[in-house]
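Heads up: the structure comes next, in structure tokens.
The values are calculated or read from the model by the stated rules, or taken from the named source; none is laboratory data. Please read these numbers as outputs of a predicted model, since none were measured by experiment. Quick reminder, even Gly has a Cβ in these numbers, built from the backbone with ideal geometry, and neighbours come from all protein chains shown. Please note that ligands, DNA and RNA were not included when accessible areas were found on the heavy atoms of the full protein model with its side chains. Shrake-Rupley method; radii C 1.70, N 1.55, O 1.52, S 1.80 Å.
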Protein chains: 4
Amino acid sequence: MKTIRVATFDGAGTRPHIRSVPRPKVPEWAALIRIGACGVCGTDLHILRGHWPKPLPWPLTLGHELVGVIEEKGAALKADFMGQSLAEGDNVMLPPLMSCGECYYCVHYPTHANRCLNPTYYGRYIPFVKPPHLWGGWAEMVYVDLEMFPATKIYRLPNDMMPLRGSLSEPLTCCIRALNRAVSADGFHVGDNVVIQGSGPIGVLTLVAALEMGAGRVVVVGAPEEPRLAICRAFGAAGTVSIEEYATPQSRIDAVRDVVGGFGADLVIDCTGHPSAGPEGIEMLRDGGTYVEMGQFTDAGLIETNWHRICVKDISLLGSWAFTPNDIPLGIQMLHRVGDRYPWHLMQKCFPFSEEGVSAATEAAMRMRCVKATIVPEENLARST
Amino acid sequence: MKTIRVATFDGAGTRPHIRSVPRPKVPEWAALIRIGACGVCGTDLHILRGHWPKPLPWPLTLGHELVGVIEEKGAALKADFMGQSLAEGDNVMLPPLMSCGECYYCVHYPTHANRCLNPTYYGRYIPFVKPPHLWGGWAEMVYVDLEMFPATKIYRLPNDMMPLRGSLSEPLTCCIRALNRAVSADGFHVGDNVVIQGSGPIGVLTLVAALEMGAGRVVVVGAPEEPRLAICRAFGAAGTVSIEEYATPQSRIDAVRDVVGGFGADLVIDCTGHPSAGPEGIEMLRDGGTYVEMGQFTDAGLIETNWHRICVKDISLLGSWAFTPNDIPLGIQMLHRVGDRYPWHLMQKCFPFSEEGVSAATEAAMRMRCVKATIVPEENLARST
Amino acid sequence: MKTIRVATFDGAGTRPHIRSVPRPKVPEWAALIRIGACGVCGTDLHILRGHWPKPLPWPLTLGHELVGVIEEKGAALKADFMGQSLAEGDNVMLPPLMSCGECYYCVHYPTHANRCLNPTYYGRYIPFVKPPHLWGGWAEMVYVDLEMFPATKIYRLPNDMMPLRGSLSEPLTCCIRALNRAVSADGFHVGDNVVIQGSGPIGVLTLVAALEMGAGRVVVVGAPEEPRLAICRAFGAAGTVSIEEYATPQSRIDAVRDVVGGFGADLVIDCTGHPSAGPEGIEMLRDGGTYVEMGQFTDAGLIETNWHRICVKDISLLGSWAFTPNDIPLGIQMLHRVGDRYPWHLMQKCFPFSEEGVSAATEAAMRMRCVKATIVPEENLARST
Amino acid sequence: MKTIRVATFDGAGTRPHIRSVPRPKVPEWAALIRIGACGVCGTDLHILRGHWPKPLPWPLTLGHELVGVIEEKGAALKADFMGQSLAEGDNVMLPPLMSCGECYYCVHYPTHANRCLNPTYYGRYIPFVKPPHLWGGWAEMVYVDLEMFPATKIYRLPNDMMPLRGSLSEPLTCCIRALNRAVSADGFHVGDNVVIQGSGPIGVLTLVAALEMGAGRVVVVGAPEEPRLAICRAFGAAGTVSIEEYATPQSRIDAVRDVVGGFGADLVIDCTGHPSAGPEGIEMLRDGGTYVEMGQFTDAGLIETNWHRICVKDISLLGSWAFTPNDIPLGIQMLHRVGDRYPWHLMQKCFPFSEEGVSAATEAAMRMRCVKATIVPEENLARST
């Protein structure tokens, strides 16, 4: 491969344009990674819709749920962030949020290093024009260079984890971290009944994480019935509540309480991104329960809220945003541990790496025709172990 | 004393009416307690203003921050809730919220026994007409009877704690419990910078509790400068921010950040009861900080809220409502431990037990002319140890 | 059934003697429960060997891992400890340790109600001579009476849980509670590598509990290879270390570290009952790890210990003894949730209810010929749902 | 000052020898710090007695409880570890244990960065022969250089904290960290009764830390009555138990239980360094209580221990060793906050910086003639603010 193809967007609302760039030389601390699979994240959709609140360096390459195989690497790059050895041919993932490790938050609040003051993001903030032009996951290759971007973090995957599966490790990490926030606040315990608001990728992966961390009954509130709620039940939800069928907040609250029983849920998690989730969700809780807000990742606006309910119900409400560098292994290892216990094939829909494929993937994700759209340059590589 | 005088209200908005009732016989499990001091609580004011959301058994006797001396007791009533012996002449307090100890919440969620399904309240829900008519603290005596109200809880005070001081133990307990909610959720640590919204009795007592539990710098946001903010500084606040001087949320947020420095406060606590406290207060936090909502004790309405801020700031937001039976000793003991380290006399304003005195006390509390209005039937008794 | 047969022991070291007693009348608050299955616990073996440190009311009936079906019940006994309805025909379990709910520990330290000052124990401390003579699980029926023993706790099982499976709920509860002690002390997190010392019933059930609560790799150290270590691997252990093969502490520590990798285990749990477990086990930990001591349930003597190692390794060491009344539902529900995910048949060996059967069961348990010996009066009932 | 005098030891058991070295040039990332005060730590005594378990680079300069004023600094050294500006004339402290920030423990277990795999220690492991020969606190100056030792950490003290007081910040930090270990493990709560074993510097500072973090009654077990136990009472101990008066473990356990009352202490902390502390101390606990082992800092040998007691008492036992870089501000700030609330002058005994002074200081510390021996080159500087 003398040249490498990479998808670029010229701005919000534009269609993908695949460009070819020359294969770069790989210096001491760098690596060239052949993409195996890269998911479409809600963040990508926000950017393409023009809802991103910060300036972006167009044209750019999207894609940050990213797994590939090391095609070539420099001699100095010997170990991943966890101290595991790295070699050509190894499967690796790059997380989208790379904390600097040196700012006030990274050093003094390490469990909140997600709030790093100076993070590095591949797949978003590095402009395409910067050589060697390979800065995102919707491409044949991605290039990393620890001298250029010292915060770059690489995580080696287990040998027997295929890239397609591995590309779920980053969103799964977000879900585990959200549940761990509840654990740390004494708000999630083995056997707890859990309600998940939202049946998209984050909802389904939170369902997996909750079950693997010892939840009792888990109920998912979302839509549409096909494919999403059906998939949630196939993944182990004890019940689902369709927002199409139950059109009012009170009817949904009642429906959830019918399934979880008792005085309400022990834990409710917002995985929707819709502002109404919070005020509705806390009414699904028993008094003394816990609510985790991980869905309002971007600013979707204000909602009238009664803070008296938070006081009188004696509840905990915990925000969780993204993850820290030490959370990523939790996602990788859980994915590895559960193996084929879950029907992953129902969840991931693959799209080829072409202008049409990338368009179709983002379209399918926006229209909720699948749970997780994933771009796969080479089908064989995506499924290799 | 053949008859006992007791203040009653015939409804919201009425003036106090002192009635005399015969001194009752005291059966095996009962006691007659001579009131030493009884505070005026915000809840009393809500009731008198007609803002109480539930039906009340008018006429009734208010007053539930209540300390007295055991005048007479039955032979079976030998020990208080903590297993300490009880004798005539002992100083004791009764808490306003007495959990039943038998409902689902009391048995299965003991740290949330404040949410008891079947609580007993003196000073509010027992009608005056029920003999022997002594069911509240704005009176010369209160009557307790564990056969009639088995949930009744009595706490003996240390010998050297005068009733006037002891009457602060119940509100102080609420504040300690609110801070303990933060401790349990990994949200309050020694050295943390704390902001208290509100300079009323709960604000001042939260200031004391925070300092005693190891807070770093504590800032109080409130009004008026005289007497309240000046008293806060006398009690040890590192700074105060006047809402009269700083008229906008952003100016208050900036003023607080000037005092606490760094990236914002580690912990902010609402002690105001005003719905705007929450959305304003979370912006005073550093990312990853903790907010405790103990101020919205009753329903003061809705406020537009951006839940994205809770997510992206990675914060914890904890409701705390009242206290459980095991929290009360924490308030009594802290009050005892600190002794005269704080200028309590600045905080408590005494009013005589008369129709005029009771009126003046509630009026002073409503108009924020003092911090804690307290009704004192006998000055000597209030200050005896 | 006019008479009911019940196994009794006349003292330590004696053989079981089955006596027949008349079927009792069942008053308002009582019930007669037909035994479906009852396990042999290490405590039973300690008693039979004469190692029990307290006086026992011989003759007595052993057996406290007890599940049965309600044969007959009084009208007042309407609900179980969790508030679930009770009816004739329901499967129920009785826990061996029934806290009183009223002593200082039960009221003021509810998470340590296992240390109840005045507990009730069926299957041990109620003498056979007390009518109606049905006080233990190695019998055709057990009798409960909440007027006679007000601390008696009954837990209804899910409809589809057969008694044989349900009889594991009490020992599983002990294991969950031990792990929850680590969770509460910030010492067990999703993905943690865990070492279990001991491959008996408590070892195997701790393995299940650890996996269900999100453990990473779990290693079991024990013996013999057949049947016990093989069963551990069938239940999901990532590795086993045979104490027959690895004869010295250092060799076992090295073998464990080979499997868990890195700097040692995050969590080590003693399920052996042998005093040497502690000093050996803490050396299997990484610095900053957690050790749970649930194995030294009875006093097996002193061992030389270097407390400097606890200090310099910066570790947590947590005792966990039995369970509280609120823990039992965790065991029942986990057992129900996992269904047939584990090869339970490998673990439970059934023995008939006869003098020979009871003898054989205790003998098999003592000689470690099986994992959990279980006495089953009626094979059909034991497997009915 | 053209030359600088520095105390050196040629080996364990030798007397101090003061040498003069030329004043060094100070490069970009370096500083020369004029010593204001430097405490004598138990570690220094272990080294001088020849009890140190690792090889040491004799001759060397001891002294690591170290505060001074910046005499001269390079232009690049602009901020301390907390991001505070640094200028000539500022008071600063150096901690003895400087974690590297880059090893597996520092990056992946930041709350256990005290277990850093590659730490830097001034005052112990840097040989005197290495230029510019100023590597410890028993000297007129200490030299730091972040290019030579990148892990070097400097903490600026508040302007109004005199060096003599500031030299307590490092040992106080150890004590706060030990108590924080208990907080994190749900084992120390406001109002808890605490027993401190040991009345040396660590015992007294743990007393201060416990009181400032909300302890109820604190009892110190130690000796001798004069000066140590009397000082403990002056610092606020509710009671003291003399090991000279109470000669047996059981008599001490009884004496402690008399003071704390109830079922025993909620928290016991070893600050002795004697192996017998642990087995004795856990018997001072109520069931469910917490024991912190911070005293066995070095290896003082084995002790027979009954691990059954840990299990059946349902207790937590937590090791705490030294501190992490983020703990140091907690010690500095607490010391600043409490100001003159404690009679510090009783605790610190000053010795001049001379061969006789250093000898006398180590001698006084070994013979327990004072609580904290402190070497003070210039009396004025030690007390300047």
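Annotations for the structure displayed:
- Kirkwood analysis of the Cα pair distances in the range A:30-86 returns a hydrodynamic radius of 13.7 Å.
- Here's the picture: charge each Lys and Arg Cβ at +1 and each Asp and Glu Cβ at -1 in chain D, and of D:THR43, D:ALA185, D:VAL256 the one pushed furthest to the positive end of that dipole is D:THR43.
- Shape analysis of the range D:257-385 places it in the prolate category; the axes a ≥ b ≥ c from the Cα gyration tensor give an a/c of at least 1.5, with a/b above b/c.
- Normalised per residue, the accessible area of chain A is 34 Å², obtained with a 1.4 Å probe and no contribution from ligands, DNA or RNA.
- With DNA, RNA and ligands ignored, accessible area of D:TYR125 (1.4 Å probe; Å², nearest 10): 70 Å²
- Amide N of the range B:4-35 lying under 16 Å from the label point, which is placed 7 angstrom from the Cα of B:TRP58 along Cα→Cβ: B:8-18
- Helix A:328-338 and the longest principal axis of the Cα set of chain A meet at an angle near 70°.
- In this simple spin-label model, placing a label point 7 Å from the Cα along the Cα-to-Cβ direction at both C:ARG383 and D:ASP160 gives a separation of 8.1 nm.
- Shape category assigned to the range D:97-199 from the gyration tensor of Cα positions, a/c cut at 1.5: oblate
- Rg over Rh, two decimals, the range A:27-124 (C-alpha only, Kirkwood Rh): 1.00
- Between A:LYS25 and C:HIS51, the distance separating the two model label sites (each 7 Å from Cα on the Cα→Cβ line) works out to 7.3 nm.
- Each copy carries a label point for A:MET148 at 7 Å from Cα along the beta-carbon vector; from one copy to the others these points are 3.9, 8.2, 8.3 nm apart, nearest first.
- Where labels lie 7 Å past Cα in the beta-carbon direction, separation of D:GLU88 and B:ARG15 in nm: 7.7 nm
- Seen against the Cα atoms of chain A and their longest principal axis, helix A:169-184 is set at about 40 degrees.
- Interface residues in the range C:260-289 - accessible area drops by 30 Å² or more relative to the isolated chain, probe 1.4 Å: C:PHE263, C:ARG286, C:ASP287
- In chain C, the longest principal axis of the Cα atoms and the axis of helix C:249-260 are about 90 degrees apart.
- With its label point put 7 Å out from Cα toward Cβ, C:LEU302 sits 1.2, 7.1, 7.1 nm from the same residue's point in the other copies, in order from shortest.
- More than 21 Å apart - percent of Cα-Cα pairs taken over the range A:157-244: 32 percent
- Computed over the alpha-carbon atoms, the range C:343-385 gives an Rg to Rh ratio of 0.99, Rh here being the Kirkwood radius from the mean inverse distance.
- In nanometers and ordered shortest first, the copy-to-copy spacing of the D:MET366 label point, defined 7 Å from Cα toward Cβ, is 5.9, 7.7, 8.1.
- Summarising the strand pairing of chain D, around 55 percent of its internal DSSP beta bridges are antiparallel.
- Cross-link pairs beyond the 23 Å C-alpha cut-off, checked among B:LYS78/B:LYS153; A:LYS78/A:LYS153; A:LYS130/A:LYS153; A:LYS78/D:LYS54; B:LYS130/B:LYS372: A:LYS78/D:LYS54; B:LYS130/B:LYS372
- Largest-first principal axis extents, alpha carbons of the protein assembly as shown, Å: 89, 75, 69
- Structural descriptor for the range B:271-318: relative contact order 50 percent, calculated from alpha carbon pairs under 8 angstrom and at least 6 residues apart.
- Buried accessible surface for the D/B chain pair comes to about 1000 Å², total over both chains, computed with a 1.4 Å probe.
- Structure-based [θ]222 nm, the protein assembly as shown - -39500 (n - 2.57) summed over DSSP H runs of at least 4, per residue, nearest 500: -7000 deg cm²/dmol
- Listed residues B:ALA178, B:ALA230, B:ALA37, most fluctuating in chain B (Gaussian network, C-alpha, under 10 Å): B:ALA230
- Among D:ARG233, D:ARG337, D:ARG23, the largest mean-square fluctuation in a Gaussian network model of chain D, built with springs joining Cα atoms closer than 10 Å, belongs to D:ARG337.
- Global form of the range B:195-309, assessed from the alpha-carbon gyration tensor, a/c cut-off 1.5: rounded
- The range C:235-320, relative contact order in percent, only Cα pairs under 8 angstrom and at least six apart counted: 25 percent
- Here chain C exposes an accessible surface that is 51 percent carbon and sulfur, computed with a 1.4 Å probe and the other protein chains kept in place.
- Burial annotation for the range A:309-335: residues with an accessible-area loss of at least 50 Å² between the isolated chain and the complete set of protein chains, computed on heavy atoms with a 1.4 Å probe, are A:CYS311, A:VAL312, A:ASP314, A:LEU317, A:ASN326.
- Under a Gaussian network description of chain D, with springs only between Cα atoms under 10 Å, the residue in D:LYS349, D:LYS130, D:LYS54 that fluctuates furthest is D:LYS54.
- On a per residue basis, the convex hull of the C-alpha atoms belonging to chain A measures out at 130 Å³.
- Axis proximity, chain C to B: residue whose C-beta lies nearest, plus whole-Å distance: C:PRO110, 2
- Going from the isolated chain to the complete set of protein chains, the range C:173-192 loses at least 40 Å² of heavy-atom accessible area (1.4 Å probe) at C:VAL190.
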